[in-house]
Amino acid sequence: MFDLNQIRAAFPALGMQVHGRPALFLDNPGGTQVPQVVIDAMADYLIHANANRGGAFATAQRSDASLDDAHAAMADLLNAASPDEIVFGPNMTTLTFAVSRALGRDLQQGDEIVLTRMDHDANISPWTLLAEDRGATVRWVDFDVEDYTLDMAGLRGLLNERTKIVAVGYASNATGTVHDVATITRWAHEVGALVFVDAVQYVPHGPVDVQALGCDLLACSAYKFFGPHVGVLYGRYELLDRLRAYKVRPAKNQPPHKFETGTQNHEGIAGVLAAVEYLADLGFRYGAGLPLTPPLSQREREPEGAPPRPLGEGRGEGAPPRLLGEGWGEGAPRRQRLHAAMSLLRAYDHVLSAAILDQLAGIPGLRVHGVTDRGRLAERVPTISFSWQGHHPRAVAEALGQAGIFVWDGNYYALAVTERLGLEEQGGMVRIGAVHYNTLDEIVRLGDALRRLA
Ligand SMILES: Cc1ncc(COP(=O)(O)O)c(C=O)c1O
């Protein structure tokens with residue numbers, strides 16, 4: 001699919017040694033490593049553009065241009081209709097607390113918020129605390145503890161005219177399950193509720209299209225998709241415009257500025273821009289020949305120098321798919337290069353998921369808590385958690401850590417999941433999370449280490 005040696009060479013951290021052995025990064029759901037271009041972009045910002053917003057001098061102007069470019073880049077990654085729909089902030093959790101407070105201003109006693117037990121606490125506590133403040137009621141969606149999928153029928157049954165907010169994850173950071181967010185959004189909108197999507201764990205693994213999903217708000221974190229520690233919130237423009245933000249008076253009252261409180265992490269945001277460009281470059285280099293059927297917004301730019309295209313050509317139903325690399329080259333719009341890249345990563349995900357599941361299968365007493373059916377790999381990302389009879393999760397993580405293999409243990413803030421599975425008191429689960437720079441040889445090395453522990 002792509003040249004893994006070339007990809008790995010772009011990430012300096014992947015050359016790290018631990019106790020004389022190459023470090024094996026399988027802690028990616030907790031945070032990914034960054035390519036050199038991200039490090040360079042952050043250093044470059046600090047050397048050439050380090051200033052506050054809106055100044056009448058060179059560094060401030062460069063800084064403003066970098067921030068504007070980063071908004072446009074994130075709009076491309078998420079297929080937002082406008083860069084003004086992209087809000088940067090410290091992290092997903094802080095952005096979610098902030099926007100939930102703004103939404104709460106319209107909430108009345110007796111209104112209902114729907115949450116799921118499969119979510120990270122950053123998509124639970126902001127809403128339960130808001131409900132407490134406003135006298136709203138929280139309704140819970142359960143998940144099947146054998147199948148690890150959301151109770152969709154139960155979710156639909158909870159929706160009614162009192163439902164004001166539905167907060168749902170895109171992919172679970174514990175079980176790896178990918179939820180049918182488009183259907184949930186459609187149902188929620190039928191009763192007039194707003195939909196907030198926690199896409200932190202999905203963005204590194206596949207194409208996200210907020211317009212196709214139809215969601216109202218969607219949050220993610222750049223440090224999970226090869227960027228620095230910066231949070232990103234997408235909000236439908238009309239909604240962001242209508243909401244009253246908690247802001248200081250001199251700050252602009254338009255989206256996205258009204259939600260970007262205080263001075264932002266400008267060098268980090270320059271790094272986010274570079275991370276998106278890194279992904280777009282993957283699409284350019286390895287997406288050649290890939291059918292491109294991305295949902296194209298009307299704001300999408302044509303490649304520079306492209307001949308005028310008759311209306312409807314190549315985009316409508318039944319039109320032949322365009323292929324990236326066929327005359328598009330570097331001129332292909334960034335959205336298309338990103339879509340190609342993320343489609344490739346999604347396809348490689350299935351290979352990684354299958355490889356990890358193969359290594360875990362057959363280890364006595366080990367139980368994967370997530371989709372294991374090889375025919376259903378599209379329902380998960382390669383974030384795979386397990387419990388292991390007779391082995392405390394911390395002890396497993398420590399032993400692997402000694403062998404230079406980085407995995408997480410505990411609840412990773414998916415407290416509702418470990419509680420629901422009855423695993424919280426036993427130290428939670430061990431979590432393995434692969435991304436596109438992981439190799440199949442690394443997965444075999446993990447399996448060998450686990451078998452030695454067994
Ligand atoms: C699914 C999910 N949501 C939310 C978060 C919180 O993100 P942040 O650290 O940016 O607040 C995480 C972090 O691990 C996560 O995995």
Q. How high is the relative contact order of the range 38-275, in percent, with contacts defined as C-alpha pairs under 8 Å that are six or more residues apart?
A. 27 percent
**Q.** Given charges at beta-carbon only (K, R positive; D, E negative), |dipole| of the chain in Debye
**A.** 360 debye
Q. Can you pull the Rg over Rh of the range 38-275, Cα-only, Kirkwood?
A. 0.99
Q) Which percent, to the nearest 5, of DSSP beta bridges fully inside the chain are antiparallel? A) 55 percent
Q) Peptides 138-148, 115-125: what's the order by average Cβ count within 10 Å, highest mean first? A) 115-125, 138-148
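Remind me, relative contact order of the chain in percent, using alpha carbon pairs under 8 angstrom and six or more residues apart?
21 percent
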Q. Hey, can you rank 432-445, 54-67, 171-184 by average C-beta count inside 10 Å, highest first?
A. 171-184, 432-445, 54-67
Q: Give the percent of DSSP beta bridges with both residues in the range 38-275 that are antiparallel, rounded to the nearest 5.
A: 40 percent
Q) What is the gain in length, in nm to one decimal, between ALA251 and ARG156 on full extension, counting 0.36 nm per residue of separation less the C-alpha to C-alpha distance? A) 30.2 nm
Q) Considering only the other residues whose Cβ falls under 15 Å of the Cβ of TYR348, what net charge follows from Lys and Arg at +1 and Asp and Glu at -1? A) 0
Q: Under 28 Å Cα to Cα from LYS164, which lysines show up? Leave out anything in the same chain fewer than 8 places away.
A: LYS247, LYS252, LYS258
Q: Please state, rounded to one decimal and in Å, the Kirkwood hydrodynamic radius that the chain gives when every pair of distinct Cα atoms enters the mean of 1/r.
A: 22.9 Å
Q. Under 5 Å between amide H atoms, partner at least 5 residues away or on a different chain: which partners does VAL18 have, H built in plane at 1.01 Å?
A. ALA23
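Rule-based calculations on the coordinates, nothing more; no lab input. Just so it is clear, the structure is predicted and the values come from calculations on it, not from any experiment. Every residue, glycine as well, gets a Cβ built from its backbone with ideal geometry; the counts of neighbours run over all protein chains shown.
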